[in-house]
1. Of the peptides 84-90, 309-315, how do they stack up when ordered by the mean number of other Cβ atoms within 10 Å, highest first?
2. Compute the projected area of the convex hull of the Cα atoms of the chain, averaged over all viewing directions, and report it in nm² to one decimal place.
3. Full extension from K101 to Y340: what is 0.36 nm times the residue separation minus their Cα-Cα distance, to one decimal in nm?
4. Can you sort S130, S363, S20 by how many other beta carbons sit within 10 Å, fewest first?
5. In nm, give the distance between the simple-model label positions of H39 and D201, each being 7 Å from the Cα along the Cα-to-Cβ direction.
6. Between S133 and V23, what FRET efficiency comes out of the Förster formula 1/(1 + (r/R0)^6) with R0 = 35 Å and r the beta carbon distance, rounded to 0.05?
7. How large is the helix-only mean residue ellipticity at 222 nm for the chain, computed as the sum of -39500 (n - 2.57) over DSSP H runs with n ≥ 4, divided by its residue count, in deg cm²/dmol to the nearest 500?
8. With only Lys, Arg, Asp and Glu charged, each at its Cβ (+1 for the first two, -1 for the last two), find how big the charge dipole of the chain is about the Cα centre; round to the nearest 20 debye.
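Derivation of every value follows stated rules applied to the coordinates shown; laboratory data play no part. Fair warning: this is a prediction, and the values are worked out from it, not measured in the lab. When we count neighbours, we look across all protein chains shown, and the Cβ atoms used for this are built from the backbone with ideal geometry, even at glycine.
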Amino acid sequence: MRRLILFLSIPLLISSCNDSGIVIKGKLENPKGTFVYLHELTIDGKGSTDSILLSKSGSFKFKKKLSYAAFYTLWVGQNQKPITMLAKPGESIKIAGNADKLFQTYEVKGSEESKNVKLLTQRLNKTINSLDSLNNLYQQFLNNRNIENIRSVLTMNYQSFLDEQRKFSIDFIKKNPASLANLLALYQQINSETYVFDKEDDLKYFVAVDSALYRKYKEYPHVSALHSNIQQMKEQRQTLQLQHMLSIMGAKAPEIALPSVKGDTIRLSSFKGKVILVYFWASWNPESRKVNTTMIDLYNKFKAKGFEIFQVSIEKDKEAWMKAIKEDGLRWPQVCDGKYWQSPVVNLYNFDKLPTTFLVDKSGFIISRDLKGEDLNNKLANIIEEKSSTAGK
């Protein structure tokens with residue numbers, strides 16, 4: 001999904017046929033004779049910047065000709081974090097807050113979309129601050145002898161903060177489907193490499209926003225561009241999925257030979273003759289832990305009929321791995337080399353997310369990838385039934 005996100009340029013400017021203007025004004029506490037700056041965000045990055053010296057009372061006022069809805073940033077002094085507004089023609093936007101820390105204190109009136117933008121940006125800022133705190137904590141414990149355990153806990157907390165941020169953004173989009181602020185929500189970043197929406201199935205949120213905005217703002221060039229780009233994203237995704245499917249279907253499952261919980265080496269090939277689910281997971285990965293609970297019933301149902309799960313953990317902390325196995329009640333073969341994402345099995349099976357599964361037939365050939373829930377249950381039932389009927393002839 002990250003590649004798909006990078007495929008699009010962020011639509012920061014939205015055209016409109018309404019030829020009007022806007023007023024952005026305010027009164028800030030503790031002005032201290034400094035300047036307030038207003039910058040228009042444009043696609044080409046060449047938006048103009050205006051500045052006004054705050055009056056002794058902290059008042060300022062900008063007037064802009066505007067024939068389209070546009071994003072603006074506003075800040076005080078040279079080093080402060082800017083606030084972002086989404087202005088529509090005809091609006092009179094009022095800003096209040098403390099000049100010393102505008103981003104943390106500001107209130108906005110006269111622009112509902114700017115209120116939505118504030119909600120999104122300040123929630124993201126909260127998440128970023130929480131993640132920075134975890135990173136600082138990690139740096140403090142680098143020389144601690146229990147650093148691996150500490151790393152495992154901090155990683156779980158890190159992922160939890162990301163999941164909470166993503167849930168917030170999803171809820172916002174669902175509650176405000178036709179808001180232009182969704183253009184911001186879709187492209188928010190934790191840092192230069194991490195997007196809020198970076199999961200493989202997040203395309204559906206882009207599609208949902210596009211559907212709502214395209215109906216309401218079809219004539220807006222950048223909404224139209226978003227619509228066109230999403231069609232290309234869909235085509236690109238279908239092509240990649242087809243290529244990947246063709247590359248693995250019928251391929252021999254690469255050998256895996258790794259240490260078990262007891263320390264002895266278990267080989268995937270030792271289960272030849274059974275239908276095997278090769279299941280990559282990690283104790284620190286919340287989604288993996290959820291899937292573990294669904295696998296128990298599946299295992300109990302098909303174990304006696306020639307089914308086996310071969311579970312490979314991607315992590316460093318052996319104690320956390322063993323603890324998770326016990327807590328989740330996992331009774332099938334477990335292996336781990338403790339090399340985290342540097343494990344050779346990652347490149348061998350070409351995956352970059354957890355959990356990932358491969359279904360291997362009794363002859364050792366891959367027949368499907370990432371089947372879940374009822375689809376996996378039905379596939380196993382069909383294989384077992386086919387095997388049984390063949391054996392009975």
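1. Numbers: 84-90: 20.6, 309-315: 24.3.
Result, highest mean first: 309-315, 84-90.
2. Details: hull surface 94.9 nm².
Average of the hull's projected areas for the chain equals 23.7 nm².
3. Values: separation 239, 0.36 × 239 = 86.04 nm, distance 4.16 nm.
The span from K101 to Y340 would gain 81.9 nm if fully extended.
4. Numbers: S130 17, S363 10, S20 13.
Neighbour counts put them in this order, fewest first: S363, S20, S130.
5. Once both label points are built, they end up 3.9 nm from each other.
6. Working: r = 39 Å, r/R0 = 1.11.
Efficiency computed from Cβ-Cβ geometry: 0.35.
7. Values: 11 runs with 168 residues, N = 393.
Estimated from H runs of four or more residues: -14000 deg cm²/dmol.
8. Details: 56 positive and 41 negative charges, 91 e Å.
So the magnitude is around 440 debye.
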